[in-house]
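Single-structure report; data block below.
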């Protein structure tokens, strides 16, 4: 991925991150460098505690590194303050979580609409966008349902609709199939593949599931804070 | 709109928990309102005092009388418009527990000074014609079922013997705070009887009521009256009617302070309950708040959600509590009979109830709101379990 031509969407140089636990400093990421081009679908794998979710959080702008440069579409997000980072996330990143993280008191429609409340779109425009997103994930008939009335797979599809509603360049997915049965997981992965192929979304996905990882164009392994290209990577041609 | 929807739906998410918290608030706000109304009732006499009325009494103690001859000398003081007088009678109607204030008053002048007592003209004329006639307040009449024409026997304690009165008029208050639990009768009836039974106690006045022209000259006129009788056998103490009434309340001030304290302790207790509810709520939803922040919502938005929910619960509880305060106060007043002559929920009490409820709502959300606003997104997302 680093050797591909053209400016990368994400450029990481010498990224360092450590946590303080019980008075001790525990290094999580040590000198990580990585480029991800627009339109890539990158799988991040590794054992538990290897730092893959930490790396994903840093790329998504919900955590801050101790050192290093993290450019996303030319913006060094490590230099942004909290408010600017929140604005940047709202416009540039779509989140897909393992446990969907939907608001239980809001309907599917209202959950998908949430990120649009931070935009200047009118109510009618928001409705059009939400209906289109829910149609894309195949849940038009579930718009008025609450999360508790939906299956796990359906909830994750609502979460995906929410992730793409602001048309972000980057989608980050942390174990998106980790809480789903095989059939639902396949549906979600197929949907993500469509977002990548048809809409050109750049996706970075953390997963333990090899079958899920095989949907990615490239797989990177993270172990003991160091990143390496997978030896047996199933790499597809990059569009 | 979306914000309010989220606040209200969150508030109703755990119906039992919210319901119990609201119930606690209702009880607390209702108790607070009732206790404040009891305190107000204690001060009702002072609140109903006119700024242009002074009270002159014996400087040694209220139990010592003043000569009737002081009346004309007081009336001659510069700044005095009118003078009336009366005696506390302190009798028992049927049983000692049937307490109500009885005053022997100078019928010709008293009601010119106390214009807040509204008496029908024909009834007042009947009262003036009957030396044994009495005027009773509406609340007193309702409590004991007195009607015009009824005979009311009262056993004297300060003035021994059995005294017979005939109700000739029933007065109403010009305002809700006017005391309508009193019993008035002719001072002349008392005085003439004393002349027959105990001559030495005749022509003695318990209190002079002085109507002055200008309320701003109250201190000056008071000093002038007291100066008239300095070094006499019965020196006087003149003060405003309000100060006179507060003097009575001061005698039981410890009770009033205790009631006030309890009313605020009730609020503190419900604050602790409410704070616990909000802390539990915020802790359970930490991952949701982290998700909102990840989506781009500001920490301030997350804090406002918690404050909004807390204030919404507090306002619902306060609304029901305040609405219940009126009927419960009415019932309480009925149970108390004439012990509290004026027992009305004031606007100040309602404002205090609202203020306390909002303060509880805000204070209860302070810690959880701050925590949710400051929690790191990655930590909050981890709280998903």
Practice item. Residue by residue through segment B:263-286, note down the ones that are touching a helix residue (DSSP H, G or I) at 6+ places or on another chain (Cβ under 6 Å) and within 14 Å of chain A (Cβ to nearest Cβ). Key: B:286
Check your understanding: What is the one condition in (1) more than 9 Å from chain B (Cβ to nearest Cβ); (2) assigned to a helix (DSSP H, G or I); (3) closer than 27 Å to residue A:42 by Cβ that residue A:171 does not satisfy?
Key -> (2)
Check your understanding: From the residues in segment A:84-99 that are surrounded by fewer than 19 Cβ atoms within 10 Å (Cβ to Cβ) and facing chain B (nearest Cβ under 7 Å), which one is nearest to residue A:195 (Cα to Cα)?
Key -> A:99
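Got a sec? Which of B:370, B:374 is closer than 29 Å to residue B:281 by Cα, more than 15 Å from the chain's Cα centre (by Cα), touching a residue at least 40 places away in the same chain (Cβ under 8 Å) and within 14 Å of chain A (Cβ to nearest Cβ)? Let's see the steps before the verdict.
On the way: B:370 fails: within 14 Å of chain A (Cβ to nearest Cβ).
Testing whether each residue is closer than 29 Å to residue B:281 by Cα, more than 15 Å from the chain's Cα centre (by Cα), touching a residue at least 40 places away in the same chain (Cβ under 8 Å) and within 14 Å of chain A (Cβ to nearest Cβ) leaves just B:374.
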Review point. If you check residue A:144 against the conditions, is it touching a helix residue (DSSP H, G or I) at 6+ places or on another chain (Cβ under 9 Å), assigned to a loop (DSSP other than H, G, I, E, B) and more than 18 Å from residue A:92 (Cβ to Cβ)?
Key: yes
Practice item. Could you grab me the full set of residues in segment A:46-72 that are within 12 Å of another protein chain (Cβ to nearest Cβ), in contact with a strand residue (DSSP E or B) (Cβ under 7 Å, 6 or more places away or on another chain) and farther than 14 Å from residue A:12 by Cβ? Key: A:53
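With respect to residue B:294, determine if the residue is within 14 Å of another protein chain (Cβ to nearest Cβ), within 24 Å of residue B:366 (Cα to Cα), surrounded by fewer than 24 Cβ atoms within 10 Å (Cβ to Cβ) and touching a helix residue (DSSP H, G or I) at 6+ places or on another chain (Cβ under 6 Å). Lay out the reasoning, then the answer.
On the way: within 14 Å of another protein chain (Cβ to nearest Cβ): yes; within 24 Å of residue B:366 (Cα to Cα): yes; surrounded by fewer than 24 Cβ atoms within 10 Å (Cβ to Cβ): no; touching a helix residue (DSSP H, G or I) at 6+ places or on another chain (Cβ under 6 Å): yes.
In short, no.
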Check your understanding: Do you know which of the residues in segment A:100-137 that are within 11 Å of chain B (Cβ to nearest Cβ) and farther than 26 Å from residue A:193 by Cα is surrounded by the fewest Cβ atoms within 10 Å (Cβ to Cβ)?
Key -> A:123
Exercise for review: Filter segment A:73-83 down to the residues that are more than 11 Å from chain B (Cβ to nearest Cβ) and in contact with a helix residue (DSSP H, G or I) (Cβ under 9 Å, 6 or more places away or on another chain), then identify the one that is nearest to residue A:60 (Cα to Cα).
Suggested key: A:77
Check your understanding: Do we find a residue being within 14 Å of another protein chain (Cβ to nearest Cβ) and either surrounded by fewer than 16 Cβ atoms within 10 Å (Cβ to Cβ) or free of Cβ contacts under 8 Å to residues at least 40 places away in the same chain (or both) anywhere in segment B:21-40?
Key -> no
Review point. Got a sec? Which helices (runs of 4 or more DSSP H) wholly within segment B:158-262 have at least 1 residues that are more than 30 Å from residue B:79 (Cα to Cα) and over 29 Å from the mean Cα position of the chain (by Cα)?
Key: B:187-197
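On the basis of being surrounded by fewer than 15 Cβ atoms within 10 Å (Cβ to Cβ) and either in contact (Cβ under 8 Å) with a residue 40 or more places away in the chain or farther than 30 Å from residue A:94 by Cβ (or both), does residue B:306 make the cut?
Numbers: surrounded by fewer than 15 Cβ atoms within 10 Å (Cβ to Cβ): no; either in contact (Cβ under 8 Å) with a residue 40 or more places away in the chain or farther than 30 Å from residue A:94 by Cβ (or both): yes.
So residue B:306 fails the test.
Since every read-out is calculated from the coordinates, none of them should be taken as a lab result. Fair warning: this is a prediction, and the values are worked out from it, not measured in the lab. All Cβ positions, even for glycine, are placed from backbone atoms using ideal geometry, and neighbour counts span all protein chains on display.
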